[in-house]
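In what follows, a structure is listed as C-alpha cells, so that the remarks can point back to it.
The values are calculated or read from the model by the stated rules, or taken from the named source; none is laboratory data. From a predicted model like this one, the values you see are computed outputs, not experimental measurements. Neighbour counts are summed over all protein chains in view; Cβ atoms, including those assigned to glycine, are modelled from backbone coordinates with ideal geometry. These accessible areas exclude ligands, DNA and RNA; they are computed on the full protein's heavy atoms, side chains included. Shrake-Rupley method; radii C 1.70, N 1.55, O 1.52, S 1.80 Å.
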Amino acid sequence: MDIRVLGAHNCESQSSRFVCLLIDDSLAIDAGGLTSSLSLPAQQKLRAILLTHHHYDHIRDIPAIAMNLFLHGTTINIYSIPPVRDALATHLLNGKLYSKFLEKPQQNPTIKFIVIEPGKSEQIEGYDIMAIPVNHAVPTVGYQVTSPDGKTVFYTSDTGPGLGKCWEQVSPQLLITEVTMPNRYQEFATEGGHLTPSLLKQELVSFRELKGYLPQVVAVHMNPSLEKEIETEIGAVAMDLNTSITLAYEGMQLHL
Ligand SMILES: [Zn+2]
Ligand SMILES: [Zn+2]
C-alpha cells in the first residue's frame, strides 16, 4: 500500500494544504487538498473518496472534483456517515452555492453517496474498510484501511482524547492521527476535539497497554504557525515512548 499525503495541515497557504490522503492513487481519504494536488487525469483515476466529517477543511475540494468529473462525464463514489451527506446536500451542493451534484445528471449523478455504517467492515474497491467513531466537535469517523495483501493503516481524522474504545477495534501497522496544536493549548484542544503532543502520548500509552505494541505514527492537521513547537514536543513524546512519530508534510510518501 502506497500512501501519499496530499494535505497535512489545518490551514491553507502556498505551502500548506488541508488534510487529504491518497492510497494507491485510487482511494482518497478526506478532500481538503485533493483537486489542488492532482492533475485532471489523476482525478479521473480516483475510484472512491472516504470522508471523515463535514468540517470545511475536510470536504473543501468535493465541489471542485465533482465539477471536473461532471465535465469529463464520469462519476465518483463518496462514502461517509449521514451527517456528511446532509451537510453537503443542504449547504454546499444545494443549487445555490454550487450545482446539486448528488442528484445531477438525473440518470447518473456525478456523486454517488454511499452511507457507511461504523464498526462494520466493508469491501470498497478491493480494500477492507472500517469506519470508527472518534471524539470531535461534530459526528466524525476515522477509517481503518486494509489492502488485499493485508497491510493496515488507521487514520483517526480530527479527534480529541478518549480513543480507548476506538483502539479496541483497530490493529494498524501505521497510525495517521492528528496533532493540531502544542501542549500549551491543551484546554482549547480538548474543548474543540483535538490533540496536542501530550494528549497523543496518553492515547498511545493506552494503545500499547491494550495491544502490546505501538504502530508507526504519522501526525497530520498541524497548525503551520505552531508547527516548530509541535515538532519539538512530538520529538520528546517519541523519545519517551521509544517509538517513531513523524510530522507529515505535503507530498510525503508512506509505504506499507
Ligand atoms: Zn474537524
Ligand atoms: Zn480539521
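Which far-off residues, 5 or more places away or on another chain, put their amide H under 5 Å from the one on Asp158, with H placed in the peptide plane?
none
Once label points are set 7 Å from the Cα along Cα→Cβ at both Met252 and Glu117, what is their separation, rounded to one decimal in nm?
The modelled label-to-label distance comes out at 3.5 nm.
Decide, for the range 91-194, between rounded, prolate and oblate: order the square roots of the alpha carbon gyration tensor eigenvalues as a ≥ b ≥ c, take rounded if a/c falls under 1.5, and otherwise choose prolate if a/b is larger than b/c, else oblate.
Judged from the Cα gyration tensor, the range 91-194 comes out oblate (a/c at least 1.5, b/c at or above a/b).
Pick from Val153, Val19, Val237: which is most flexible by mean-square fluctuation in a GNM of the chain where alpha carbon atoms under 10 Å apart are linked?
Evaluated over the chain, the most mobile residue of the options is Val237.
Using the Karplus curve 6.51 cos²θ - 1.76 cosθ + 1.60 with θ = phi - 60°, what ³J(HN,Hα) values do you get for each residue of the range 181-188, in whole Hz, with x for Gly and Pro?
Along the range 181-188, the couplings run 8, x, 4, 5, 9, 4, 5, 4 Hz.
Taking Cα centroids, how far is the range 107-147 from the range 191-256 in Å?
23
Using the heavy atoms of the protein chains alone and a 1.4 angstrom probe, what is the accessible area of the range 1-57 per residue in square angstrom? If you can, show how the numbers build up before the last one.
On the way: 1970 Å² over 57 residues.
Result: 35 Å² of accessible area for each residue.
Excluding same-chain residues fewer than 8 positions from Lys211, which lysines have a Cα within less than 19 Å of its Cα?
Filter leaves Lys151, Lys165, Lys201.
Can you give the local net charge around Ser171? Use residues other than it whose beta-carbon is closer than 14 angstrom to its beta-carbon, Lys and Arg +1, Asp and Glu -1. Mind dumping the intermediate values first?
Details: positive: Lys151, Arg208, Lys211; negative: Asp128, Glu168.
Cβ neighbours under 14 Å give a net charge of +1.
So which GluC sites (Glu not before Pro) in the range 125-226 end up in coil per DSSP with only 14 or fewer other C-beta atoms within 10 Å?
Listed in order of number, the matching sites are Glu125.
Computing the accessible area with a 1.4 Å probe over protein heavy atoms, can you report the carbon and sulfur percentage for the range 182-256?
52
Work out how much length Lys165 to Asp86 would gain on full extension: take 0.36 nm times their residue separation and subtract the Cα-Cα distance, in nm to one decimal.
25.8 nm
Can you compute the FRET efficiency between Met67 and Glu125 using 1/(1 + (r/R0)^6), with r the Cβ-Cβ distance and R0 = 25 Å? Round to the nearest 0.05.
0.65
Mind ranking Ser36, Ser26, Ser157 by accessible surface for me, highest first, 1.4 Å probe?
Ser36, Ser26, Ser157
If you stretched the chain out fully between Leu210 and Asp25, how much longer would it get, using 0.36 nm times the residue separation minus the C-alpha to C-alpha distance? If you can, show how the numbers build up before the last one.
Values: separation 185, 0.36 × 185 = 66.60 nm, distance 3.30 nm.
Value of the extension gain: 63.3 nm.
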